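A short worksheet on the structure shown next.
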């Protein structure tokens, strides 16, 4: 699908097993490299715009490892409820608080992806989805948090796990955007790599 990328090293800058899985589903042979990047954002950037800002910030942080013809993929996902960005939970209590807030509500998930080359610089895009969550019982939240699954996910849940199976009642947009990688957007960006 990407013959123009066959001779190029493709680097996925992510520790996320979900992002690695989704990029691999596109048939790309990638090298995963992870380093600590400050994912904070300026106060004037709000809501869904945070995801694209952070995806581009990650791209800047990895530019020093790129060689000519390398292709770098970075991404970020945020969950926004009532204008507030829900990041990854700090601890189980924070995960509980987020899940209780999402219960019975509609929230927005924004995932951004950036493709960077030394030749073309950073190109990025953002995809946004609305997600409805059923009323969650305290027992469900307790069991889900105890499983550890929410701890590495924005908004304290994964649409691909038990929360998505029984907690998410509707989503408007791409499932893969909610999962953490807008693969249709990534495809468009990769096709444009020169």
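The values are calculated or read from the model by the stated rules, or taken from the named source; none is laboratory data. Just so it is clear, the model here is predicted, and its values are computed rather than measured. Cβ coordinates were reconstructed from backbone atoms using ideal geometry, including for glycine residues, and neighbour counts include every protein chain displayed.
Quick notes
- Filtering the range 14-33 to residues that are within 19 Å of residue 191 (Cα to Cα) and in a loop (DSSP other than H, G, I, E, B) leaves 26, 27, 28, 29.
- Scan of the range 1-38 for residues that are in contact with a helix residue (DSSP H, G or I) (Cβ under 6 Å, 6 or more places away or on another chain) and at pLDDT below 90, ordered by number: 18
- Of residues in the range 62-80 being out of contact with any helix residue (DSSP H, G or I) (no Cβ under 6 Å at 6 or more places or on another chain) and either part of a strand (DSSP E or B) or free of Cβ contacts under 8 Å to residues at least 40 places away in the same chain (or both), the one surrounded by the most Cβ atoms within 10 Å (Cβ to Cβ): 73
- Condition check for residue 177: in contact with a strand residue (DSSP E or B) (Cβ under 6 Å, 6 or more places away or on another chain) and assigned to a helix (DSSP H, G or I): yes
- Qualifying residue in the range 88-98 (condition: within 15 Å of the chain's Cα centre (by Cα), under 21 Å from residue 151 (Cα atoms), crowded, with 17+ Cβ neighbours inside 10 Å and modelled with pLDDT under 95): yes
- The range 92-108, residues that are in contact (Cβ under 8 Å) with a residue 24 or more places away in the chain and not in a strand (DSSP E or B): 92, 94, 95, 96, 98, 99, 100, 102, 103, 104, 105
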